[in-house]
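One structure below.
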Amino acid sequence: MTGTNIAFVHARRVWDSRGRPTVEADVMLENGAVGRAIAPAGASTGSAEALDLRDGGEAFGGYDVQHAVANVNTEIARAVTGMDAANQAALDNRLIALDGTANKSRLGANALLPVSMAAAHAAAHAAGLPLFRYLADDDATLIPLPQIQIFGGGAHAGRRVDIQDFMIVCPAADSFAQALEWTAEVYRAAGKLMAEAGTLAGVADEGGWWPVFSTNEQALDMLVRAIERAGFKPGHQVGIALDIAASEFGRAGRYKLALEDRELDSAGMIDLLSGWIARYPILSIEDPLAEDDPEGFAAFTRLHGKSLQIVGDDFLVSDAARVRDAAANGAANTVLLKPNQRGTLTETLDAWAAAKEAGFSAIVSARSGETEDTTIVHIAVGWGAGQLKVGSFTRGERMAKWNEMLRVEESLGARARFAGGTVLGRSR
Ligand code: 2PG
Ligand code: MG
């Protein structure tokens, strides 16, 4: 490729789905090709994530990103101008070296990631390819199984329910498009049921219904009823995926379930979840134990790892070394891949490579603070990850991703292979 050297980098402050500032970067190549990307932001973050650099102070609750924006427009722009955007690894290694810290705390992952992703967009543009195809090759035909939120809880809904994400998966759907159709019906049915029961408080951070329940089980019961009311068989046709986000209420082996006013140890937490797994059609559980409880993770995986997808998010923070450690200790069997947990595409891809080597599955995931940026859709297809988690089935920043995946699936025509239930890899 010629002319793919970076001519120009520019960042600006834009706003995310929580009304908070975030960083957008534009990259222009010498041949005129352009790319653009925006950093997302988490609320329930793992302590080992790369740092999201915020200004602090009074403005916008301390969430402003003027330093991160300035870091792109000065140091980062100077360092990458002239580099080949088509060599993602070299570019990302330059960004990593320039920052120089283990957790990107000098320049900020929210400064590095939009540049890393915008460069990929620009290189794809220069190659005349959609990003997913540029990231892979002609073999990029695997369309992911979506995990879609119906109820939001935890840190995303004023902690009215302890569990953060009550999601569904549609392993029996024939296509991504059909999985969305089924989800639309379940989402609508859930809204109606909650309105009838008087348990609807609003909509949570990622667009899921925000329920008022007095136990976590009530939420699970309601979800099963919503699946049935929409005309589906709970289980293999439409199953449940949970993100417990246990690091939010668990520390040092103690788990405080506010809703049920009880405190459990690690074994108690595993018993509680095992009871749910026996009673409800649960196909996937994310962060069932806290990030500081690897023994709990391993114990839970020994019990359920053969039949259940067990996902590490705060626990693995998209980090290759952590994935390898977890695999060696028999903890979890799936990694959640969030590019902003690391700050560059290359490091996130390393985590996926480590996962594949360990026999782990992967789910590419959005954050609770999102924008119209659809890069993760292309990553999920380009890397053949097989699963995608974006939040609920409302709100523009979520629908932008689902709709982009519909376009990708359509563009592949007969070559599209919908992952369906195959990626869950474990049948119950
Ligand atoms: C998660 C994500 C998305 P956050 O925990 O998986 O639901 O939330 O971006 O707040 O970490
Ligand atoms: Mg999570």
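The values are calculated or read from the model by the stated rules, or taken from the named source; none is laboratory data. Computed from a predicted structure; not experimentally measured. Here Cβ is always computed from backbone atoms with ideal geometry, including for glycine, and neighbour counts include all displayed protein chains. Protein only, heavy atoms only, side chains kept; ligands, DNA and RNA dropped before computing areas. Shrake-Rupley method; radii C 1.70, N 1.55, O 1.52, S 1.80 Å.
List of remarks:
- Condition met for residue 60 (touching a Pro at 6+ places or on another chain (Cβ under 7 Å) and either away from ligand 2 (no atom under 16 Å from the Cβ) or of a type in the set (Lys, Arg) (or both)): yes
- Any hit, region 212-225, residues being in contact (Cβ under 8 Å) with a residue 24 or more places away in the chain, open to solvent by 40 Å² or more (accessible area, probe 1.4 Å) and either within 16 Å of ligand 2 (Cβ to nearest atom) or under 22 Å from residue 145 (Cβ atoms) (or both): no
- Any hit, region 353-374, residues being under 13 Å from the mean Cα position of the chain (by Cα) and farther than 30 Å from residue 191 by Cβ: yes
- With respect to the conditions (1) touching a residue at least 40 places away in the same chain (Cβ under 8 Å); (2) within 16 Å of ligand 2 (Cβ to nearest atom); (3) open to solvent by less than 10 Å² (accessible area, probe 1.4 Å), residue 371 falls short on a single one, namely (2).
- Criterion (closer than 24 Å to residue 78 by Cα and either touching a strand residue (DSSP E or B) at 6+ places or on another chain (Cβ under 8 Å) or within 16 Å of ligand 2 (Cβ to nearest atom) (or both)) met by exactly one of 25, 43, 48: 25
- Wholly enclosed strands (runs of 3 or more DSSP E) of region 140-255 bearing at least 2 residues within 21 Å of the chain's Cα centre (by Cα) and at pLDDT 90 or above: 145-152, 165-169, 239-243
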